[in-house]
Structures are given as C-alpha cells and as structure tokens.
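One structure is given here, and the rest of the page talks about it.
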Amino acid sequence: MHAQGLVLRPDWEHVVGPVLDHALARPDVDARRVALLGNSLGGVLAPRAAAFEPRIRALVAVDGIYDMAAKTLPLFGGQREVARRLLTAPEAPEIDRALAQLAARDTQARWAFAHGAWVTGKGTARGYLSTLLDYNVADGVAEKIRCPTLVCAGSDDIFFQGQPEQLFAHLGCEKTFLSLDHTLGAGAHCHAGAQRLAMARIGDWLDATLGA
C-alpha cells in the first residue's frame, strides 16, 4: 500500500466505509451483525470509524485510545493548535534537535519516530508527531458512537496508560470495560502475553451483544 502512495490517515471512516460497501454487498454477510475490532493504534481508529459509520453494529477497542497526542500536548502547554503550528513550521531546529536527542537515547522513541515518519508519509519525526494531533476521538467524536462498545485495557500497558478509561468515560452508548492484568499474563499492551484469553473474552462479549 505504501508503494501505491497510500499512507496512514486518521479519518478511518473513509477506509472502513468502502470495505463495508464491499462486504455488505455479499449475500453471506449479515448487516445486523457487523463488528469492528481495532488493535493498538486501531484502538482510536476503530472508535473514530464507528462514530461516523452507522453500519457498524458493535465496536471493540483493544486497547482503547482517546487521544494519541496525550503525551505530546503537555510539551506545548496542552494547546493543540500551538503544537500544530510549531510541529508543522517550515523550520524548527530546536524541536528537531530535541527529538534527535530523544531518539538517540530511547529505543522506543527511535522506532516510533522512524516507523511513524514512514507510515504517515511525513518523512521526519516532527512531521510524524504533527499527525498524531489528529488521531483522537476528542471534542465530541467519542460521544457520537451509538453501537455497543467494548473497551479493553491492560493494567500494565506502558504506551497508553489511562487512555482506555478516558475513552470509556466519554462514551454515551451501551458500553463494557474489560481490564486484564498480569495475574492472567494479560496486563501488557493489547494483552500480548495472553492473546487467546483476551480473544476468548472478546468473543464472549460479541456473542452476547450480537447473538450467537
């Protein structure tokens, strides 16, 4: 997809919509039981899609994310537009230097900046961070979700601690919160140590929500 010039985008309803157009044209697909599951970054992309795509009848966020810029915004006084202006400026040598220094000493940041710059098509760490400002369901978007929603959380998630709870709090739909912890081997991000357990719990919720 990247070779075709297709890069990651935050308005995921424009990706899910055409997929649903195709799927629901099939005679073997039940339009009343369409579920969307988002994993990792999908924890914000899937809720975003569900907020604007009424054909989704059940939503699962593994793990739930409310705002991908939650760690970036405090660096700019919590002001999204201030962050956007500085991160998208033609030149910002001090920010570029700070990000390079962070990547040099932090392997997680180094991977995130390099991979993020590639999948978003921005080419730089600063450009990648600027895109994160749009990966959220803030400002009333989460409240638009109407389908039953399962928000999952790992008790020891090192990436998005507190984000599932924030997403859950903003939902006005029928909702369920599933927290799995280290005693089950499932406390890591997206329950990496206990995927079979997590998927079994999610499957049970889908059965109860959409009908066996």
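Annotations for the structure displayed:
- When GLY64, GLY127 are checked against the criterion of being under 23 Å from HIS14 (Cα atoms) and either hydroxyl-bearing (Ser, Thr, Tyr) or surrounded by fewer than 19 Cβ atoms within 10 Å (Cβ to Cβ) (or both), GLY127 stands alone in meeting it.
- Those helices (runs of 4 or more DSSP H) of the stretch 57-161 in which at least 1 residues are in contact with a Gly (Cβ under 9 Å, 6 or more places away or on another chain), considering only elements entirely within it, cover 80-87, 107-119, 125-132.
- All of GLN4, GLN79 fail the test of being of a type in the set (S, T, N, Q) and surrounded by 11 or more Cβ atoms within 10 Å (Cβ to Cβ), apart from GLN79.
- Exactly one residue out of ALA58, ALA23, ALA50, ALA46 is without any contact (Cβ under 8 Å) to a residue 40 or more places away in the chain, closer than 23 Å to TRP205 by Cβ and touching a strand residue (DSSP E or B) at 6+ places or on another chain (Cβ under 8 Å), and it is ALA46.
- Within the stretch 7-39, tally of residues that are among the aliphatic types (A, V, I, L, M), surrounded by fewer than 17 Cβ atoms within 10 Å (Cβ to Cβ) and touching a helix residue (DSSP H, G or I) at 6+ places or on another chain (Cβ under 6 Å): 3
- On the stretch given as the stretch 176-187, residues that are in contact with a Leu (Cβ under 9 Å, 6 or more places away or on another chain), surrounded by fewer than 18 Cβ atoms within 10 Å (Cβ to Cβ) and modelled with pLDDT of 90 or more total 2.
The values are calculated or read from the model by the stated rules, or taken from the named source; none is laboratory data. The shown structure was predicted, so the numbers you read here are calculated from the model rather than taken from an experiment. Cβ atoms come from the backbone with ideal geometry, glycine included; neighbour counts cover every protein chain shown.
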